[in-house]
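Enquirer: Below are the structure tokens for one structure; questions will follow.
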Amino acid sequence: MRCDRQWEGIGCPVEAIDTPALLVDFDALQRNIERMAAFGTTHGVGIRPHAKTHKTPIIAHMQIAAGAIGQCVQKVGEAEVLVAGGVADVLIANEVVGFEKLARLAALARTARITVAVDNELAAEALAEAAGAAQVTVGVVVDVDVGQGRCGVAPGQAALEFGHRVARLAGLELRGLQGYHGAIQHVHGFDARADRARKANAQLLDTAILFEADGLAIDIVTGAGTGTYAIEGVQAGMTEIQPGSYIFMDRQYREIGASGSDIYDDFEPALAVLATVMSTPTATRVVTDAGLKALSSDVGAPQLLDRPGWTYAFGGDEHGLLVGETARAPIGLGEKVRLLPSHCDTTINLYDRYHVVRGGALAAVWPIAARGRTR
């Protein structure tokens, strides 16, 4: 039996799925969602998962059903997919500039609660104009640069003054603050990561104190990610956190380490690329059908799973090389192997659909509806 089409093969064994294919372990995914939801409940912080990871309303609704307060995205196009799929509360955790994008963003506010990050007065004025033209109110959070040197206004007085200017714009509702430091998410070693995260986040929380003292809204104080959720998510003043990759995990996150462990195992790997061995030139070098077009390479190669002694290396657009100099067992022609992506977000963006598996069989096929939504 083949399992290479959405309408075929439900119930077939994983080994029958045509490759390369993006696999989701449904049970591990559900456990990861429940673990993060339990963290939010225990510590009284909202969980607003980042949909730039999963890119589908299906998983968004699984997260919301478990207790998530909404979703966040990076792009207007991602927000459009979620809202069309019934997600009612979306934070665009990024700056949006350009007449067309702002018009699309404002249109979303007719049917959903939309909030967007701002860090520039001209951009905020343009957003207010778009909101007025659409006769809607768009929420905004002041984006604070807590040290990454990307987007955001300076913390403290500069953010406070900007917040006052934004709060006066008709069509916008100032809802609070955002401070996110992406580079800290992958700092190796829990103690080093925690130290840097607390120092960075202190700038956001100190700014929130200034906002509150001046009567500005701090209903939303948002940030953190999969690498720092347990650090920033317990700090007083944080109202919500934005983890994304926790639902799947990837090689990069697994390697950053947890408290007392070299492996970051707060969550389970739930995503893999299934590949087929299509050539066996030597006993210690075989070739798969999953190369650069099947696995993102921005943070290196994936990890080969369940094959002790074998390692993966990119062999080109369509080829992956498995090298087994110390392998205890050979890998034969036509065998299937599983690869843990090095970066789940960018690997997912290479695929049209997830092959969802349970108990070793194909249980469902889910479209990745927001794939390629870069605008």
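The values are calculated or read from the model by the stated rules, or taken from the named source; none is laboratory data. On a predicted model such as this, the values are computed, not experimentally measured, just so you know. Using ideal geometry, Cβ is built from the backbone for each residue, glycine included, and neighbour counts are taken over all protein chains shown.
Enquirer: Considering only the range 100-109, I want to know if a residue exists there that is assigned by TED's automatic domain parsing to the domain that holds residue 73, crowded, with 16+ Cβ neighbours inside 10 Å and not in a helix (DSSP H, G or I).
Expert: Among the residues of the range 100-109, at least one is assigned by TED's automatic domain parsing to the domain that holds residue 73, crowded, with 16+ Cβ neighbours inside 10 Å and not in a helix (DSSP H, G or I), which makes the answer yes.
Enquirer: Hey, another quick one. Can you tell me which residues in the range 330-352 are in contact with a Pro (Cβ under 6 Å, 6 or more places away or on another chain), within 20 Å of residue 49 (Cβ to Cβ) and not β-branched (Val, Ile, Thr)? Before the answer, list the steps.
Expert: The initial filter retains those residues of the range 330-352 that are in contact with a Pro (Cβ under 6 Å, 6 or more places away or on another chain), namely 339-342, 347.
So of that shortlist, the ones also within 20 Å of residue 49 (Cβ to Cβ) come out as 341, 347.
341, the sole residue that qualifies.
Enquirer: Still on this structure: Answer yes or no as to whether residue 4 is part of a loop (DSSP other than H, G, I, E, B), outside the structural domain of residue 230 (by TED's automatic domain parsing), within 19 Å of residue 352 (Cβ to Cβ) and modelled with pLDDT of 95 or more.
Expert: Taking the combined requirement at face value, the residue does not satisfy it.
Enquirer: Just checking, does the range 146-155 include any residue being of a type in the set (Gly, Ala, Ser), part of a loop (DSSP other than H, G, I, E, B), more than 24 Å from residue 114 (Cα to Cα) and touching a helix residue (DSSP H, G or I) at 6+ places or on another chain (Cβ under 8 Å)?
Expert: yes
Enquirer: For the range 30-51, how many residues meet the condition of being within 12 Å of residue 67 (Cβ to Cβ) and part of a strand (DSSP E or B)?
Expert: Summing the residues that are within 12 Å of residue 67 (Cβ to Cβ) and part of a strand (DSSP E or B) in the range 30-51 gives 2.
Enquirer: Taking the range 317-375 as the search range and keeping residues that are hydroxyl-bearing (Ser, Thr, Tyr) and modelled with pLDDT of 95 or more, which one is nearest to residue 29 (Cα to Cα)?
Expert: Per the criteria, the residue is 354.
Enquirer: Of the residues in the range 131-151, how many are over 30 Å from residue 193 (Cβ atoms) and either touching an Asp or Glu at 6+ places or on another chain (Cβ under 7 Å) or without any contact (Cβ under 8 Å) to a residue 40 or more places away in the chain (or both)?
Expert: Adding up the residues that qualify gives 8.
Enquirer: To continue, here is another question. Considering only residues of the range 319-375 that are polar (S, T, N, Q) and part of a loop (DSSP other than H, G, I, E, B), which is farthest from the chain's Cα centre (by Cα)?
Expert: Restricting to residues being polar (S, T, N, Q) and part of a loop (DSSP other than H, G, I, E, B), the top hit is 326.
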